[in-house]
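Reviewing the structure listed below.
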Amino acid sequence: MLRDVEVVYVFAGPMSANDGTTPPVLFVVGTAGAGKSSLVTSFQRWARFLDIDVLAVNLDPGAERVHYDPEFDVRDLISLSEVMDEYDLGPNGAQILAADLVASQAEDVFEEIEGLAGDIMVVDTPGQVELFAFREASSHLVQVLGQGRACLIFLFDPLLSSTPSGFVSQMLLSSIVHFRLGLPTANFLSKSDLLEPETLERILEWGENLDVLESALFEESSTQSNYGDGVGQRAEFAIGQLRMMQHAAIQPGLVPLSSEMEEGQADVLSFAQNVFGGMSDAKDGFAGDIEHERQ
Ligand SMILES: Nc1nc2c(ncn2[C@@H]2O[C@H](COP(=O)(O)OP(=O)(O)OP(=O)(O)O)[C@@H](O)[C@H]2O)c(=O)[nH]1
Ligand SMILES: [Mg+2]
């Protein structure tokens, strides 16, 4: 199921890097298991049919395997098992150190991808969002790789998003990542094929209408033990945060996505187009294809 997002099918100028600079970079971020790697795979496959050249980059040193064709794979630079052995760390400590090591080698990574010709670069990020977004070194990595032409896809976990408080938690997390990395951000509801149609509709409405979300939050908190807190205190806190985001023009909207059913990929591309302008003239033909997919 596809939602209308504001789409600009204007192919005004090249999105790609015919001038030798790297193409725009789309970082895919989300909580562990949210579907980041699957999106990179499905987006690359989907785009291939439209003759759009998607350059995939893996920045997750802990990835067991990836199913896309990476132009650059950080595991060629850093091996999690070697970090564990060398520094005598467990898997979590090694993930943290590996993330910092990757970031500290940002310039080397950039050298690997600099000058690659393609329409758009999509970056798979480490499993835990905090490893990527909250480490100081990562901001540097994003700056170096993004070269001022980067944006962010934040994936909402479908099951976490099914309750009002879970939904708000993801919204807040997304806004923190947005705040932290300072990139244009779009929220996508991942694995939407796993949700019942009514649940999907309800979650999307929460993303569109704060008043509906507010009622749902109050209803949820009135059925929960509040340990002496006034009923709805948490709901008020959450709504206050969301209204603040609204005032700061951070759009809380949410677009459904399914890598499994190949739905929402056109919206991912549209977001990038909205931020960076059109694709190269050679790609003029695919607007119709996207329109077709959106039916
Ligand atoms: N039904 C369904 N399953 C999906 C979809 N996308 C991903 N999955 C499944 O969700 C699980 C996690 O997907 P990944 O793409 O590995 O998620 P990730 O965010 O990269 O995970 P980490 O890197 O480990 O944090 C896998 O079993 C995928 O097959 C989807 O659109 N629909
Ligand atoms: Mg992954």
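Rule-based calculations on the coordinates, nothing more; no lab input. Because the structure is a prediction, the values reported are computed rather than measured. Here Cβ is always computed from backbone atoms with ideal geometry, including for glycine, and neighbour counts include all displayed protein chains.
For this structure, a couple of remarks:
- Separation in nanometres of the label points that stand 7 Å from Cα toward Cβ, at LEU194 and ARG48: 2.5 nm
- Working from label points 7 Å from Cα in the Cα-to-Cβ sense, the PHE134 to TYR87 distance is 1.7 nm.
- Amide H to amide H, with H built 1.01 Å from N, PHE134 comes under 5 Å of no residue 5 or more places away or on another chain.
- Just so you know, the averaged projected area of the alpha carbon convex hull for region 142-219 sits at 5.6 nm².
- Compared with the rule-of-thumb size 2.2 N^0.38 Å for a compact globular protein, region 74-170 has a Cα radius of gyration ratio of 1.25.
- Compactness index (Cα Rg / 2.2 N^0.38 Å), region 79-132: 1.34
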